[in-house]
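Participant: Here you go, one structure.
What follows is calculated from the coordinates using simple rules that are stated; it is not laboratory data. Keep in mind it's a predicted model, so treat the numbers as computed, not measured. A quick note on method: Cβ atoms are made from the backbone with ideal geometry, for glycine too, and the neighbour counts reach across all protein chains shown.
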Amino acid sequence: MRRRIWPSALRLLKEKTLVKSSPSEQSSSSSESLNLLVDAVVASLKDTGAPSSGGSRRVIAREDVMRFLSSSSSSSSNTNNDRLIENYARIDGTKDASTSSSSDDIGGNERKKKVVVVNSEFEDVPNSAIRKVIASRLLASKRAQPHSYVTMDVDASGVDRFRKKAMQEHETKVSVNDCILYAASKALRRVRKVNSRYDEKLGKRMEFDTVDISVAVAAPTGLVTPIVFNADNKSVSEIGQDVRRLAGKAKDGKLKPSEMIGGSFTISNLGMFSVDSFQAIQNPPQGAILAVGRGTERVVISKSARSDSSSNDDDGNVDKPATDAVFSEDQLSTQLSISATLSIDNRCMDEADASEWLEAFADEMRKAEDFVL
């Protein structure tokens, strides 16, 4: 249903009425805001000179207040509408100024309140049941799980060669996402701490025995995360078959709870949308999620060329090549690179663990030509 937002004291009343922990506190807050609203209506009625139930004595009755509010809610009553919000803001501002402490003043000047009047249209769009669940879970994740993010550029040139070889020699179509899942599953076996979750009741990190990777899929009802179970024991083709089957069921709304409940790690890939990089919110109760951006071609300098044109610092580390260094064509090459960002729960792992896992993931990706098809 489409309706008009009118800048009225009723809307301000809703904004100022806080939800308290007890009914008595809630009633007190509501009464205070209601008094401000009535005062604003009374002032507006006096400004307009509208007839009152009290006749010539100008006694403002309850019926007068309700009548004025009803007329102000009409889209054709902009004058009453504007007068009402001005009086509300003036009365509310005066009250705040009279009750504020001297500590609220900066340099002896009182803070001035700004009233933002919104007058536009909006459309109510009801959330689906699954959308509500997603919102609730992700909000809980951001509130309860201390997020930390580590990003690394990963060489995906081997993945590109592996895909071409699979098509040429076996006529098998392999996606980049299939290879990412395969490499991630091997890295999770190498760095087990990342394949874990935090148990709040026990106050311990719980490492999963199996590598079950949740895959973020955009469905008509919202984002869902079906699971590729035992991913580390599957070939690239088997992983690809599972992903396509699950993605199809997700788009048709036919996923079973057993296909979505569980999982030890999540991968969200937005590379197909030309997204360079992003940070994903953890999928509770899992301890980590990998966010993958698109692949980009980059010019890289060979290690020997970098060594020849660089100098060592006091710690023995090799500095970057000088900006005026000149390289030959055989010292330069192109590399397909993707950005990988690991979001972790700091309660069960730290940034060093995330870095170790990303190194293992990058190593697996570099060895993509050895993947089991």
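Participant: Can you compute the label reach from H170? Point 7 Å from Cα along the Cβ direction, backbone N cut-off under 17 Å, restricted to region 355-373.
Facilitator: 365, 367-373
Participant: Going down the table (K164/K234; K132/K249; K142/K251), which pairs top 24 Å between alpha carbons?
Facilitator: Long pairs (Cα-Cα over 24 Å): K142/K251.
Participant: Follow-up question, since we're still on this one. Could you let me know the centre-to-centre spacing of region 264-291 and region 183-207, using Cα atoms, in angstrom?
Facilitator: Computed from Cα coordinates, the inter-centre distance equals 16 Å.
Participant: Moving to a separate point now. I want to check the label-to-label distance for A144 and D209. Put each point 7 Å from Cα in the C-beta direction and report it in nm to one decimal.
Facilitator: Going from the A144 label point to the D209 one covers 2.4 nm.
Participant: Tell me, Kirkwood radius of region 137-279 from alpha-carbon pair distances, in Å? Mind showing how you got there, number by number?
Facilitator: On the way: mean 1/r = 0.0600 Å⁻¹.
Radius from the Kirkwood sum: 16.7 Å.
Participant: Sticking with this one: Based on the Cα atoms of region 214-259, what semi-axes does the equivalent ellipsoid have, where each is the square root of 5 times one gyration tensor eigenvalue, given in whole Å with the largest first?
Facilitator: Details: eigenvalues 74, 19, 15 Å².
Value: 19, 10, 9 Å, ordered largest first.
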